[in-house]
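Asker: My questions will all concern the structure given below.
The values are calculated or read from the model by the stated rules, or taken from the named source; none is laboratory data. Keep in mind the model is a prediction, meaning the values are calculated, not measured. As a convention, Cβ positions derive from the backbone with ideal geometry for all residues, glycine included, and neighbour counts pool all protein chains shown.
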Amino acid sequence: MVTIRLKRFGAKARPYFRVVVQDGRIATKGKTIDEIGTYNPIADADNQVTIDAAKATEWINKGAVPSDTVKKIFNQKGIFLTRTSQN
């Protein structure tokens, strides 16, 4: 199963995350399929999250399942998690 989740970077007590698309069986620090954004919890509220909404929607339509934390981030950014039918 392909998942959309956070991958941690940064120094001790200074976390920085990338929002990535990964195979669910691979370790969190393992190889990623695609990088669709960043999340910096330490930054001010305006600069905390950057997400490529088109890529996120594309991966959700392909069947990728976001983690709970990524779902919250998507809701904050107004990215809807419904799949569109591709006829």
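Asker: Please go through (1) of a type in the set (Ser, Thr, Tyr); (2) without any contact (Cβ under 8 Å) to a residue 60 or more places away in the chain; (3) in contact with a strand residue (DSSP E or B) (Cβ under 8 Å, 6 or more places away or on another chain) for Ser67 and return the number of the only condition it doesn't satisfy.
Answerer: The failed condition is (2).
Asker: List, please: which pairs have Cβ atoms under 8 Å, are six or more places apart or on different chains, and start with a residue in segment 22-35 that is modelled with pLDDT of 90 or more and end with one that is among the β-branched types (Val, Ile, Thr) and part of a loop (DSSP other than H, G, I, E, B)?
Answerer: Note: pairs meeting the criteria are Gln22/Thr28; Gln22/Thr32; Gln22/Ile33; Asp23/Ile33.
Asker: Look through segment 68-87, keep the residues that are of a type in the set (S, T, N, Q) and modelled with pLDDT under 70, and return whichever of them is surrounded by the fewest Cβ atoms within 10 Å (Cβ to Cβ).
Answerer: Out of the qualifying residues, it is Asn87.
Asker: Considering segment 43-63 alone, what residues qualify as being modelled with pLDDT under 90 and assigned to a loop (DSSP other than H, G, I, E, B)?
Answerer: Listed by number, the residues that qualify are Ala43, Asp44, Gln48.
Asker: Note down all Cβ pairs under 7 Å where the first residue falls in segment 41-58 and is surrounded by 11 or more Cβ atoms within 10 Å (Cβ to Cβ), the second is of a type in the set (Phe, Trp, Tyr), and they're at least six residues apart or on different chains.
Answerer: If the second residue must be of a type in the set (Phe, Trp, Tyr), the pairs left are Gln48/Tyr39; Val49/Tyr39; Ala56/Phe74.
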